[in-house]
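Novice: This is the structure I want to talk about, given as structure tokens.
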Amino acid sequence: VQLQASGGGLVQAGGSLRLSCAASGRTLSRYNMAWFRHAPGKERELVAAISYRGGRTNYADFVKGRFTISRDNAKNTVYLQMNSLKPEDTAVYYCAADTGLGPSVRINDYEYWGQGTQVTVSS
């Protein structure tokens with residue numbers, strides 16, 4: 001499966017963005033999906049994950065109540081709605097796919113990765 005992330009940009013603190021991850025090559029419903037982020041000087045970290053049909057989700061503590069992961073398997077797309085953005089949310093955001101039992105919080109479980117989209121939050 002090929003993954004294409006989009007929707008990043010520059011936003012002021014307190015603003016919102018919605019990231020999209022479009023899949024091609026195989027139907028998205030075969031995969032658990034996740035969003036990770038990688039900020040300069042930090043390790044890549046999980047933001048949110050969602051199971052095959054969307055019935056289960058996992059969120060990092062630092063985004064609970066602010067970010068929402070969702071998916072539309074008919075459109076082969078996964079979304080990350082980001083509200084109340086903070087400067088510390090600045091990072092490159094990646095979508096990833098996993099064929100395990102999921103939705104895993106472990107980065108090494110994810111087999112397929114998109115190219116990343118930059119999110120910059122100004123103070």
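The values are calculated or read from the model by the stated rules, or taken from the named source; none is laboratory data. Quick caveat: nothing in here was measured; it's all calculated off a predicted structure. Glycine also receives a Cβ, built like all others from the backbone with ideal geometry; neighbour counts cover every protein chain displayed. For accessibility, only protein heavy atoms count, side chains too; no ligands or nucleic acids. Shrake-Rupley method; radii C 1.70, N 1.55, O 1.52, S 1.80 Å.
Novice: Could you tell me what percent of the accessible area of the chain is made up of carbon and sulfur, with a 1.4 Å probe and every protein chain present?
Specialist: C and S atoms contribute 46 percent here.
Novice: Considering only protein heavy atoms, what per residue accessible area in square angstrom results for the stretch 15-123 with a 1.4 angstrom probe?
Specialist: 49
Novice: Can you sort Ser51, Ser16 by solvent-accessible area, 1.4 Å probe, largest first?
Specialist: Of Ser51, Ser16, the descending order of accessible area is Ser16, Ser51.
Novice: At 7 Å along the Cα-to-beta-carbon direction for both Thr57 and Ile107, put a label point, then send me their distance in nm to one decimal.
Specialist: It works out to 2.3 nm between the two label points.
Novice: Take Gln12 and Gln81, extend 7 Å from each Cα along the Cα→Cβ direction, and tell me the distance between the two endpoints in nm.
Specialist: 2.3
Novice: Using heavy-atom solvent-accessible surface (probe 1.4 Å) with all chains present, what is the largest-first order of Val105, Val1, Val78?
Specialist: Final ranking, largest accessible area leading: Val105, Val1, Val78.
Novice: Between beta-carbons, use under 13 Å as the cut-off and find the net charge around Asp72, counting Lys and Arg +1, Asp and Glu -1.
Specialist: +4
Novice: Another question, if that's okay. Let me spell out the model: positive unit charges on the Cβ of Lys and Arg, negative unit charges on the Cβ of Asp and Glu, origin at the Cα centre of the chain. What dipole size does that give, in debye rounded to 20?
Specialist: Rounded to the nearest 20 debye, it is 280 debye.
Novice: Identify all lysines with a Cα-Cα distance to Lys42 below 21 Å; exclude those on the same chain that are fewer than 8 residues away in sequence.
Specialist: Straight-line reach from Lys42, under 21 Å: Lys64, Lys86.
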